[in-house]
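Right, one structure below, let's go through it.
Every number here is computed from the coordinates shown, using simple stated rules; none is lab data. Everything quoted here is computed from the prediction, not taken from an experiment. Cβ coordinates were reconstructed from backbone atoms using ideal geometry, including for glycine residues, and neighbour counts include every protein chain displayed.
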Amino acid sequence: MRILKLMGAKGSSTVFLGSNLLEEILAFCKKDKTVIITDKNVDMFYGDKFSGFKKVIIEGGEKNKTSYTAWDIYNTLLKFGCERNTFILGIGGGVVCDMTGFVASTYLRGLSFGFVATTLLAQVDAAIGGKNGVNFNGYKNIIGTINQPEFVICDLSTLKTLPRQEIKNGMAEVIKHALIADRRLFLEIEKNRDAFITLDLLHIEPLIFNSMKVKIEIVSKDETEKNERRKLNFGHTFGHAIELSTGVSHGEAVSIGMVMEANLSISRGLLQPYELEQIKALLAFFDLPVEIHCHQKDKVMDAIMKDKKKEGDYIYSVLINGIGHAVIEKVKIREIREILYDMCKS
Ligand SMILES: NC(=O)c1ccc[n+]([C@@H]2O[C@H](COP(=O)([O-])OP(=O)(O)OC[C@H]3O[C@@H](n4cnc5c(N)ncnc54)[C@H](O)[C@@H]3O)[C@@H](O)[C@H]2O)c1
Ligand SMILES: [Zn+2]
């Protein structure tokens, strides 16, 4: 088992990575003081391991990551008679982790909580960092909290039941971490790419560990996203807009977003075209899209205009100064529009 520590302003979080950890944590949790939040799929695969616990089973999927679902969970917590010493354990992917962190941080003005992350995306990204949000009125993660979970357990064994599509979504974030902060990790992923397809845990564990480490190190420097943490948004300015306006999955949208933002990096003289080809080849190996659906470009642009990070005519964008080194630059909306329309011309 590998362990990392994240120090937040209001508390720290211990992150564990290994195999068969779900059983270990459940043996440690007190049944009368713990409420488990999970979704229908995860309950179907792993529910037998947490029978006897009080549980809230939500409908999975992004469309259910809303304030309405939070409302339903609050109601169940009321029915369960939860008190200040109740521990909330989220077992699932990013949707369950976001819902759990948000509900636990707000119910009774904050209960202790932890996560067992069961998707690759949650293990390297969503479960780590303490930011947990829900969608509202079509705006993604617009209501949220920043609060560290007591622990994040990344149980690699649970990846075995994960649909291939979800492994692919997680790979977008694994690659993002390499692109923004760890060139060597990028090369290692290239070298061991088949191991991710076969889920050869021995070979992918150190790579997943290094990917998690990128996020933990960035969040430890800047928990509330004043500066450094913005780097984690690489691929997400375009990505969120694409996800909202076209309905493709988060990972797919981020993949296209990274290609768009790498193009922006080339136009500013930060990245070489051959490096973009290297990035596209790796994304494409994992069956991640690298082209935008051009008939949707206006919808994507409209969504970018609603980006939370937009300040007047600018967006603080994350670009890459070579593979493995992110920089934050003020980019004009006009420049972003040009890149989007240029990519659609070629
Ligand atoms: N808070 C953050 O910092 C942060 C960062 C990145 C992403 N996110 C959020 O994470 C969400 C996406 O997370 P996700 O990709 O994990 O999606 P998800 O939680 O919807 O999980 C994907 C699918 O896999 C199923 N599943 C989960 N674990 C499984 C397992 N072990 N075996 C079989 N099926 C399993 C789920 O039921 C779901 O159908 C988005 O809402 C995104 O905004 C949050
Ligand atoms: Zn993401």
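For the chain, relative contact order (Cα pairs under 8 Å, six or more residues apart, normalised by length) works out to 15 percent. For a Förster distance of 22 Å, can you work out the FRET efficiency between the beta-carbons of Lys10 and Tyr314, rounded to the nearest 0.05? FRET efficiency, Lys10 to Tyr314: 0.10. For the chain, the list of Cys residues with no other Cys C-beta under 4.7 Å reads Cys29, Cys82, Cys97, Cys154. Beta bridges assigned by DSSP with both partners in the chain are antiparallel in approximately 45 percent of cases.
Return the Rg/Rh ratio of segment 2-161 with Cα-based radii and a Kirkwood Rh.
0.92
When every Cα-Cα distance of the chain is counted in 10 angstrom steps from zero, the calculated P(r) takes the values 6, 27, 35, 23, 8, 1, 0 percent. Legend: distances between Cα atoms for Lys40/Lys215; Lys140/Lys308; Lys231/Lys345; Lys63/Lys176; Lys131/Lys168; Lys131/Lys280; pairs beyond 19 Å are Lys40/Lys215; Lys231/Lys345; Lys63/Lys176; Lys131/Lys168; Lys131/Lys280.
Which shape class, rounded, prolate or oblate, goes with segment 283-346 when its Cα gyration tensor gives a ≥ b ≥ c as root eigenvalues, a/c under 1.5 marks rounded, and past that a/b bigger than b/c marks prolate? It is oblate, given that a/c is not under 1.5 and a/b is not larger than b/c. At an R0 of 25 angstrom, the distance between the Cβ atoms of Glu83 and Ser51 translates into a FRET efficiency of 0.65. From the alpha carbon centroid of segment 118-186 to that of segment 187-260 is 8 Å.
Given axes a ≥ b ≥ c from the Cα gyration tensor, I'd like to know whether segment 228-346 is rounded (a/c under 1.5), prolate (a/b larger than b/c) or oblate. Here segment 228-346 falls in the rounded category. Rounded to the nearest 0.05, the FRET efficiency derived from the C-beta distance between Lys30 and Thr198 at R0 = 51 Å is 0.85.
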